[in-house]
Amino acid sequence: MRRFSTLALLLAVAALAAACGNSTAIRARFRIFSDTISVFALTGSPPTYPAAINTPTAQVVRADGSFSFDIAIDIDAQGRALVYPLRLVATTFGNARSVGVQKLAVPFDTMLLAPTTGYDTTAATVVASGEGFLVRAASDYCALDLNKIVYSKFVVDSVNAATRMVHLRTVVDPNCGFRSFAPGIPPR
């Protein structure tokens, strides 16, 4: 008889939780944000110039030994941007955080939810002016969160080979584990 009452109690609690919604679900705390940034090319620019991006903050930073970046940017001979995940720049220094890049298959403004698969952590991604790409980065900013991934999307506005600069627009979901690019605080 006791086993039956325990089972009935558990079923009642489960039904109540389902009716009220998941009160233990992780909620987003930050608004999706967008920015316009300019970054120097990894090669052909002085080493003190910022040639990398910390994606959770959309900050342009130096590609140096602090490895406080997720992607580094370069320019190829055809005037296209080359996007290098952290691992390609930091491989000789041990196990770098996982950062993957994938080219956008749809227009930048229509990508409202980042996919969870398809990111390349082992090769540079070639992106021409007007094309976009996604970044999936394991972030130090998520040290206390269960899901340590931050998603962002970028579009190359222009590449200037003469000044060795790439101009980009970005949208970032700074909420660890959330994949939304829709304005506001993401619901999931």
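Averaged over its residues, the stretch 52-91 has an accessible area of 37 Å² per residue, based on protein heavy atoms and a 1.4 Å probe.
Peptides 43-52, 29-38 ordered by packing proxy, namely the average of other Cβ atoms within 10 Å per residue, highest first: 43-52, 29-38. According to the Kirkwood relation over distinct C-alpha pairs, the hydrodynamic radius of the stretch 50-118 is 13.4 Å.
Overall, the accessible surface of the stretch 47-136 at a probe of 1.4 angstrom is composed of carbon and sulfur to the extent of 53 percent. Which of rounded, prolate or oblate describes the stretch 39-188 when judged by the alpha-carbon gyration tensor and an a/c cut-off of 1.5? Oblate, because a/c is 1.5 or more while a/b does not exceed b/c.
Expressed as cubic angstrom per residue, what is the convex hull volume of the alpha carbon set of the stretch 106-188? Display every interim value, and only then the final one.
Values: hull volume 10.1 nm³, N = 83.
That works out to 122 Å³ per residue.
Near residue 26, no amide H atom lies under 5 Å from its own; only residues 5 or more places off or on other chains count, and H is placed 1.01 Å from N.
Peptides 164-177, 54-67, 100-113 ranked from most to least packed, by the mean per-residue count of other Cβ atoms within 10 Å: 164-177, 54-67, 100-113. Between the beta carbons of residue 64 and residue 145, assuming R0 = 22 Å, the FRET efficiency works out to 0.25 to the nearest 0.05.
The values are calculated or read from the model by the stated rules, or taken from the named source; none is laboratory data. Owing to the predicted nature of the structure, the values given are computational and were not obtained by experimental measurement. Neighbour counts run over all protein chains shown; Cβ positions are idealised from the backbone, glycine included. Quick note on the areas: whole protein, heavy atoms, side chains included, nothing else; ligands and nucleic acids left out. Shrake-Rupley method; radii C 1.70, N 1.55, O 1.52, S 1.80 Å.
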